[in-house]
């Protein structure tokens with residue numbers, strides 16, 4: 001199901017008719033909110049109706065649209081408005097963009113190392129894990145240099161659809177060691193491209209160019225198992241415990 005945030009990320013508020021309802025939840029055909037996934041946290045969103053409002057707790061896909069479960073036992077009908085918190089969305093776009101840049105730098109400098117996990121955090125940091133055996137920890141700690149160089153280059157970022165079978169045959173488009181991105185009902189997969197630097201399958205939200213993000217520093221490099229190396233990244237201008 002194509003999310004509105006994937007095709008029109010600037011839309012942060014949407015009015016919609018309720019297709020179905022139960023206490024504490026409504027089904028909408030479309031939503032401006034990102035439901036979470038791929039290491040990205042769900043949007044902070046609220047739902048408003050004629051005589052009330054509540055925070056959206058979670059979103060559940062349905063063949064007809066998206067169930068929005070909210071912090072209120074009300075059963076509502078008619079027309080509602082869903083609003084996304086712009087500051088939190090912007091932070092997730094920034095962190096997800098940086099995670100792609102980090103992924104690309106590691107992929108290119110460490111022999112095509114595959115991703116084993118990633119998680120964006122509300123505190124303005126993210127962690128990203130790679131299948132790396134016996135890697136030089138000092139080289140990983142020095143990644144802030146090439147990452148910040150990509151930021152300064154102001155590379156454009158765009159997303160487009162590609163046939164899933166075609167994408168699977170292109171080296172580097174699917175970066176996860178264990179999980180492949182889902183094939184859409186139309187047979188396509190969404191690809192995010194950062195200039196001439198990087199292309200990979202992804203369903204999350206991103207900025208419009210690399211220069212829209214802040215410079216970063218490497219907070220910590222850890223061994224998580226025999227072949228897993230974890231890199232934790234934060235902003236230069238933030239004070240975060242390592």
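Summary table
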{"quantity": "Test: residue in the range 6-17 that is surrounded by 17 or more Cβ atoms within 10 Å (Cβ to Cβ), at pLDDT below 95 and under 14 Å from the mean Cα position of the chain (by Cα)", "calculated": "yes"}
{"quantity": "Residues satisfying the stated conditions in the range 155-184, i.e. loosely packed, with under 12 Cβ neighbours inside 10 Å and outside any helix (DSSP H, G or I)", "calculated": "160, 169, 171, 178"}
{"quantity": "Enumeration of residues in the range 228-238 that are within 17 Å of residue 103 (Cβ to Cβ) and surrounded by fewer than 17 Cβ atoms within 10 Å (Cβ to Cβ)", "calculated": "228"}
{"quantity": "Output for the range 185-214, where each listed residue is in contact with a helix residue (DSSP H, G or I) (Cβ under 8 Å, 6 or more places away or on another chain) and part of a loop (DSSP other than H, G, I, E, B)", "calculated": "187, 195, 197, 202, 203, 204, 205, 206, 207, 213, 214"}
{"quantity": "Among the residues listed as 112, 134, the single one being in contact (Cβ under 8 Å) with a residue 40 or more places away in the chain, surrounded by fewer than 16 Cβ atoms within 10 Å (Cβ to Cβ) and assigned to a loop (DSSP other than H, G, I, E, B)", "calculated": "112"}
{"quantity": "Condition met for residue 146 (under 17 Å from residue 231 (Cβ atoms) and either without any contact (Cβ under 8 Å) to a residue 12 or more places away in the chain or not assigned by TED's automatic domain parsing to the domain that holds residue 35 (or both))", "calculated": "yes"}
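The values are calculated or read from the model by the stated rules, or taken from the named source; none is laboratory data. Note that the structure is a prediction, hence the values are computed from the model and not measured. Glycine also receives a Cβ, built like all others from the backbone with ideal geometry; neighbour counts cover every protein chain displayed.
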